[in-house]
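Asks: Right, I'll just put the structure down here and ask away after.
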Amino acid sequence: MKEQIQASENQHLKIIKYFFEEIAMLTRFTGRFFKEIIKPPYELKEFIKQSYLIGYKSFPLVIITGFIMGLVLTIQSQPTLAKFGAESWLPAMVAVSIIREIGPVITALIFAGKVGSSIGAELASMKVTEQIDAMEVSGINPFKYLVVTRVMAATLMLPALVILSDAVSLYGAYIGVNLKGDVSFDLFVVKVFEKLTFMDVFPALLKTFFFGFMIALIGCYKGYNSSKGTEGVA
């Protein structure tokens, strides 16, 4: 019995130790990122390429998700508001909900699933096949070329994707409103912007920069520091 308790305590200590080691290494990795980002040379071509791959290639998935999100939220909210005779509030309610929280969070989750995992797998496979070591031998700074460009591209592309997703979500909401009613597009837009304020839009957009930064940074960290073999890639 004592041996089982001792083994359990040792396991817990290992988990705690691993957690704090990961925090320390990630902090060091982040510090190196901010150090490398200001040092020339700047990998502009690779940054543009990653912006295309991360931003443009994620566009269809984000648009489909955004449209469904706006449509479903409207359809689900309409019966409840109809019971209280408050259907006229539906466009404003859906717009505030999507732009404040639902749009940025859902888009960031989709972004993390697609972009974060792909970055981690790509860098991990390069680590396992020693391509990163080959870049260092060739005189190329692999951290700047692989990590800095991807993190910067994700940081700038996610806000743009969120803006597009919000716009498509509102269009989905417009279609949802007209499934059981007859609201003109002009009236729908007026109702949407009637309740939206600057403080609804700005904080929601600002936090997407941090979402994109953390998603790409963690993906790069896990891939860049992966262990050898297929298990490390996974």
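The values are calculated or read from the model by the stated rules, or taken from the named source; none is laboratory data. Since the model is a prediction, treat every value here as computed from it, not as a measurement. Heads up, the Cβs are rebuilt from the backbone with ideal geometry, glycines too, and the neighbour counts pull from every protein chain shown. Keep in mind that these areas ignore ligands, DNA and RNA; they rest on the heavy atoms of the full protein, side chains included. Shrake-Rupley method; radii C 1.70, N 1.55, O 1.52, S 1.80 Å.
Asks: How many residues, within region 34-78, are within 12 Å of R150 (Cβ to Cβ) and more than 22 Å from the chain's Cα centre (by Cα)?
Replies: Total meeting the criteria: 1.
Asks: Take I140 and tell me if it is part of a helix (DSSP H, G or I) and either of a type in the set (V, I, T) or open to solvent by 30 Å² or more (accessible area, probe 1.4 Å) (or both).
Replies: Answer is no for this residue.
Asks: Which condition from (1) open to solvent by 70 Å² or more (accessible area, probe 1.4 Å); (2) at pLDDT below 90 is the one that L81 breaks?
Replies: Unmet condition: (1).
Asks: Sticking with this structure for a sec: Quick one: in region 179-189, which of the residues that are more than 30 Å from the chain's Cα centre (by Cα) and not aromatic (F, W, Y) is most open to solvent (accessible area, probe 1.4 Å)?
Replies: K180
Asks: Moving to a separate point now. Hey, any hits in region 174-193 for a residue that's modelled with pLDDT of 90 or more, part of a helix (DSSP H, G or I) and of a type outside the set (D, E, K, R)?
Replies: yes
Asks: Another question, then. Are any residues in region 6-62 small (G, A, S) and more than 21 Å from P159 (Cα to Cα), and if so, which ones?
Replies: Of everything in region 6-62, those that are small (G, A, S) and more than 21 Å from P159 (Cα to Cα) turn out to be A7, S8, A24, G31.
Asks: Only residues that are among the charged types (D, E, K, R) and surrounded by 17 or more Cβ atoms within 10 Å (Cβ to Cβ): list them for region 124-137, please.
Replies: K127
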